[in-house]
Amino acid sequence: MKVNMYLNFDGNAEEAFNFYKSVFGGEFSFMMRFSDAPEGDKIPKEEQNRLMHISLPLGGDSVLMASDIMPSSGHTLERGNMNYISLHTESREEADRLFNGLSKGGSVEMPMEDQFWGDYFGCFVDKFGIHWMVNHNDQF
């Protein structure tokens with residue numbers, strides 16, 4: 001089984017993913033706008049440029065994916081803390097790089113520090129309202 005993370009945005013998925021790409025590197029493996037869908041010209045003009053789907057490979061089998069909601073279809077976005085993206089890094093340096101890059105412009109909940117359970121860990125909400133955890137364990 002493979003598990004991928006899927007996020008929803010309200011018109012700023014492309015901006016968010018360009019930011020994530022600047023931190024993680026790599027290239028988008030897929031990007032489609034609502035205007036590219038069959039009968040995309042019937043979608044309200046203000047929603048045609050929104051992303052129907054975008055994928056950013058993060059390495060290994062991990063892929064970060066997202067789409068924008070369509071308000072004209074009754075979709076609403078509710079920000080919450082029910083989901084975190086948990087990153088497990090191979091080094092403390094990689095943990096610091098990802099934490100510092102992704103948290104820029106956001107709100108740090110816990111800075112990167114050695115924790116009582118033995119891991120190097122921190123968490124934050126990025127500038128797009130997405131909750132992240134960064135974790136490194138020297139034994140794995």
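Residues are listed down the side, and each one gets a yes or a no for (1) among the small types (Gly, Ala, Ser); (2) surrounded by 12 or more Cβ atoms within 10 Å (Cβ to Cβ):
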| site | (1), (2) |
| --- | --- |
| Ala13 | yes, yes |
| Lys21 | no, yes |
| Glu39 | no, no |
| Gly106 | yes, yes |
Inset, instruction - Answer yes or no as to whether Ser35 is without any contact (Cβ under 8 Å) to a residue 40 or more places away in the chain and among the polar types (S, T, N, Q). - result: yes
Inset, instruction - Assess whether Met31 counts as being assigned to a loop (DSSP other than H, G, I, E, B), over 13 Å from the mean Cα position of the chain (by Cα) and either modelled with pLDDT under 95 or surrounded by 13 or more Cβ atoms within 10 Å (Cβ to Cβ) (or both). - result: no
Inset, instruction - Within the stretch 110-125, work out how many residues are at pLDDT 95 or above and of a type in the set (D, E, K, R). - result: 2
Inset, instruction - Please note which strands (runs of 3 or more DSSP E) are completely contained in the stretch 50-137 and include at least 3 residues that are in contact (Cβ under 8 Å) with a residue 12 or more places away in the chain and under 17 Å from Met5 (Cβ atoms). - result: 51-59, 62-68, 84-88, 120-125, 131-136
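The values are calculated or read from the model by the stated rules, or taken from the named source; none is laboratory data. Note that the coordinates shown come from a computational prediction; the quantities given were computed from them, not determined experimentally. Neighbour counts are summed over all protein chains in view; Cβ atoms, including those assigned to glycine, are modelled from backbone coordinates with ideal geometry.
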